[in-house]
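The values are calculated or read from the model by the stated rules, or taken from the named source; none is laboratory data. If you're wondering where the values come from, they're calculated on a predicted model, not measured in any experiment. Cβ sites come from the backbone with ideal geometry, for glycine too, and all protein chains shown count toward neighbours.
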């Protein structure tokens, strides 16, 4: 019996030696869920038992399980969906058979499944854009790895693979260890790919460790959260990529979060080294309407743009109509762009969309990021609230010769808003490799948006740029209610004249310099920029240094309290004074008068080329500046002119810092007309009873066409009615714009002579009149004037009317329809009207000194000696050149118009041919009145718009007047809407146009007018779209006119005496305006 039992044991032992080693392993695969001996100090993970092997056959890639000593079981194949169905259980990959277990189908769990990768690889080999694992609704997949090298992959992104893991609605995926790598994402719209590593669609992805790496997709190279939640409590998302897809908004190489998704980073989780290319956005994370929260020491670091052209945004995080919050010690750091021709905005964080919000709290940081603009944060639109934290070491950097290098720390653009209530912006820079290019906003750059700085502990310090080392405000608004801006290089605050800088409470802007260790430059106000002191005022502790080099040092207007003690001058040779509700920088240096010599006039003759008019003066202690005429800008350039005439050159001395300015002086310079050679021919007189009016002088062919003959020597004129005596010489003078000639003729020669003509000392024989007068008629008119009509052989008719006061009008009409009319008034004014055969008319009116004297004595405009018919278009309108005597100054001239109405305007024609409506040309009963300085060429045009809805309106003439001068436009070309209400912005625009303000450019149609009205003190510029009240309208008109005083007060019941509009109403009533 004993022998039999012993034999059985020996047989059993022999059988066991023949079994595979794995069959002998009765113990299950056991370790903590985190994949190794648990070292967690808070909640330790107990050992987890993985009792079932999971593997695939190498031939048909069929999947099997084997539990302990039991038999292997093949997974069920869902033939409809072509998926392997993995039931609930704890599995580990077989460690003895293969290192790579392949599958051609998705593995779909059908219960709660935990898998230890055991250092092995699950590889999907078929490129059908489906995932390796699918987690259905309500089920949980947990992956871990107890050895290095465990992977879930499609092997290579060269095949058309899907995601690593797809998490469906209410499903859960937990990743403790292992890698999800080499996947391309699920296929969506436009054949784009979504969620290279993990696709979350309504479920939850909890990441405690492991890595999601080297995946790629158009949207979310690492993880795509369409809806649901991604909790990243540890591990790494790195080296994933995103390329532009067929749709909009691609990017998020690390993580992409859609509108209904949430992404939460905790502990030391990190998103790093991910790359976007081909015009994608969000190198690390793209938040497209969803929510992204960073806690603990989590970080988004060293993500980048890697391409060679195009504009990219958000190297670290891109927020588009979503929410991004940073708490604790979270950081966005070291993100940048690489590659030639790449433009990156907002290397750390880019915020776009009106509903977008980015918040920094606690000790969060955005640091060491590099972009072309907005190195740390770029706020295109939406809101950035900095409640605490640090923005440091970021760079706006450009290696190209370009000016687009702004906002080292923060860039606030267009409708973006940046609210800083605490925290620090420090050691950020805006640099350009070409030193000739200016950079702006080392700390913060504002371009159209709003930056508000609150909180006494908020600070902008140690930043660097060419202009605005701390803050640069190109346009938009910077409200500094508290806080400190100090120790910056390239100004503390740089304010462009299109921007608004408002201060209140206890702001401090001190110890900033223009260059490193250079001169003080705290607030630099460029051009017409000013500091606005808010109605809350300034309190103890406020301290602001100021530089303002124009506008006589005025840097704050409308100041109702003396705040001079809160400001100081950066230039210590100036001090701050409070004068007439203004804060002004006043020099403390006692200046002396400079030594100078006046310029002298040159002796010039017309040469057809531009000539310098004066010999320049000299100055010791400043520079001499010049300008030609009363208008225009002064410069050091010597004025020059081409045409003959008399010119006035104005000059002044601008003293240097130690010398006074010298007020304006003038010098008169004449370019004399050039003499002509040659002699004219003339019609001879052969009988007594003739006058000089019977002699016609004809110029040589090469003499200029703009000249005309006069009897006399040029300085003393002879009347055309002078009788001709036989054998007597008579002087003539040929007068052109730039040339002249003079000489004598004998029209009625002695019997021994045939008559002669001389010019400039030479003479030649004359000729008989080939076109004699064949008919003469004289008529006495009822008004006492006399008209003489002469008809020549060729049909030319000349009518000469002499009035009782001695004025003469002579009209010569030729057979081809052309005519010339010459008028000479009794006061000496002359007018010439030339009409060619095509009806084109040119007029020249020379107003005499006597006419001007009489008009000014009577308080009236001087009347031009021509009459015009206004045309409906400028092209057909007659031109009128009005010339005044030298030194007449600005003179009101009335040009008679036969058909004048409220829409009649004068259009100035400049020497270069450009035309402009004279807004201050005023219709009168008989013509149009305008102001002329020296001379002017104008066209008279009926520019009435004839709106169909104003023809019977009580304000028709007023509407025609303002619309014809383009002060107000209609609602369309045919409708004005006279009974509609007007907005405040519309009145700003009307007043700005009336005052010839430059309204080109601007963020919207009224911005330039809004700024103009604020600058001129006409309005506060608020509520542009609000309907304007009668009180506001009359007040703005009154301010535009310089706030004139009224003689009497008004007694309207609804106009309180202390109201802001009382004086304006009184003025308007007194002036008949209302």
Residue satisfying all of: in segment 679-721; touching a helix residue (DSSP H, G or I) at 6+ places or on another chain (Cβ under 8 Å) and surrounded by 13 or more Cβ atoms within 10 Å (Cβ to Cβ); nearest to residue 791 (Cα to Cα) among these: 683
Can you tell me which of 183, 231 is under 21 Å from residue 273 (Cα atoms), in contact with a strand residue (DSSP E or B) (Cβ under 9 Å, 6 or more places away or on another chain) and surrounded by fewer than 20 Cβ atoms within 10 Å (Cβ to Cβ)? 231
Options 197, 210, 202, 220; residue that is in contact with a strand residue (DSSP E or B) (Cβ under 7 Å, 6 or more places away or on another chain), surrounded by fewer than 20 Cβ atoms within 10 Å (Cβ to Cβ) and not assigned by TED's automatic domain parsing to the domain that holds residue 119: 202
Assess whether residue 503 counts as being part of a strand (DSSP E or B), touching a residue at least 12 places away in the same chain (Cβ under 8 Å), within 19 Å of residue 465 (Cα to Cα) and in the same structural domain as residue 439 (by TED's automatic domain parsing). no
Show me the strands (runs of 3 or more DSSP E) entirely contained within segment 789-841 in which 2 or more residues are more than 22 Å from residue 937 (Cβ to Cβ) and either without any contact (Cβ under 8 Å) to a residue 60 or more places away in the chain or touching a strand residue (DSSP E or B) at 6+ places or on another chain (Cβ under 7 Å) (or both). 797-802, 808-813
Which numbered condition residue 1024 misses (of (1) exposed (fewer than 12 other Cβ atoms within 10 Å of the Cβ); (2) in contact with a strand residue (DSSP E or B) (Cβ under 7 Å, 6 or more places away or on another chain)): (1)
Residue hits (segment 1056-1074; surrounded by fewer than 17 Cβ atoms within 10 Å (Cβ to Cβ) and in a loop (DSSP other than H, G, I, E, B)) are 1056, 1057, 1058, 1059, 1060, 1071, 1072, 1073, 1074
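Rundown of residues vs (1) at pLDDT 90 or above; (2) part of a strand (DSSP E or B), yes/no style:
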| position | (1), (2) |
| --- | --- |
| 578 | yes, yes |
| 583 | yes, yes |
| 596 | yes, yes |
| 608 | yes, no |
| 619 | yes, yes |
| 624 | yes, yes |
| 627 | yes, yes |
| 632 | no, no |
Can you give me the number of residues within segment 724-741 that are under 60 Å from the mean Cα position of the chain (by Cα) and either exposed (fewer than 15 other Cβ atoms within 10 Å of the Cβ) or not in a loop (DSSP other than H, G, I, E, B) (or both)? 7
Can you give me the ranges of the strands (runs of 3 or more DSSP E) entirely in segment 413-475 with at least 2 residues that are surrounded by fewer than 24 Cβ atoms within 10 Å (Cβ to Cβ) and within 18 Å of the chain's Cα centre (by Cα)? 444-453
Mind listing whichever residues of segment 900-957 are under 37 Å from the mean Cα position of the chain (by Cα) and at positive phi? 913, 946
Test residue 840 against the stated conditions and say whether it is farther than 15 Å from residue 706 by Cα and either buried (at least 19 other Cβ atoms within 10 Å of the Cβ) or in contact with a helix residue (DSSP H, G or I) (Cβ under 9 Å, 6 or more places away or on another chain) (or both). yes
Of the residues 279, 226, which is at pLDDT below 95 and in contact with a strand residue (DSSP E or B) (Cβ under 9 Å, 6 or more places away or on another chain)? 279
Quick one: residue 323 ticks every box in (1) modelled with pLDDT under 95; (2) within 24 Å of residue 194 (Cβ to Cβ); (3) surrounded by fewer than 24 Cβ atoms within 10 Å (Cβ to Cβ) bar one, so which box is it? (1)
The one condition in (1) under 57 Å from the mean Cα position of the chain (by Cα); (2) under 20 Å from residue 710 (Cβ atoms) that residue 818 fails to fulfil: (2)
Collect the residues in segment 532-551 that are under 21 Å from residue 520 (Cβ atoms), over 27 Å from the mean Cα position of the chain (by Cα) and outside any loop (DSSP other than H, G, I, E, B), keeping them in residue-number order. 538, 543, 544, 545
Checked segment 552-608 for anything on the phi > 0 side of the Ramachandran plot and within 42 Å of the chain's Cα centre (by Cα); matches are 552, 553, 558, 580, 581
Only one of 809, 767 is at pLDDT below 90 and surrounded by fewer than 18 Cβ atoms within 10 Å (Cβ to Cβ). Can you tell me which? 767
Just need a number here: residues in segment 905-928 that are crowded, with 20+ Cβ neighbours inside 10 Å and more than 27 Å from residue 850 (Cβ to Cβ). 1
Testing residue 902 on (1) in contact with a helix residue (DSSP H, G or I) (Cβ under 6 Å, 6 or more places away or on another chain); (2) crowded, with 21+ Cβ neighbours inside 10 Å; (3) over 24 Å from residue 630 (Cα atoms), one condition comes back false. Which one is that? (2)
Checked segment 1034-1049 for anything surrounded by 16 or more Cβ atoms within 10 Å (Cβ to Cβ) and over 21 Å from residue 1020 (Cα atoms); matches are 1046
Over segment 587-623, the set of residues under 29 Å from residue 530 (Cα atoms) and surrounded by 13 or more Cβ atoms within 10 Å (Cβ to Cβ) is 587, 591, 622, 623
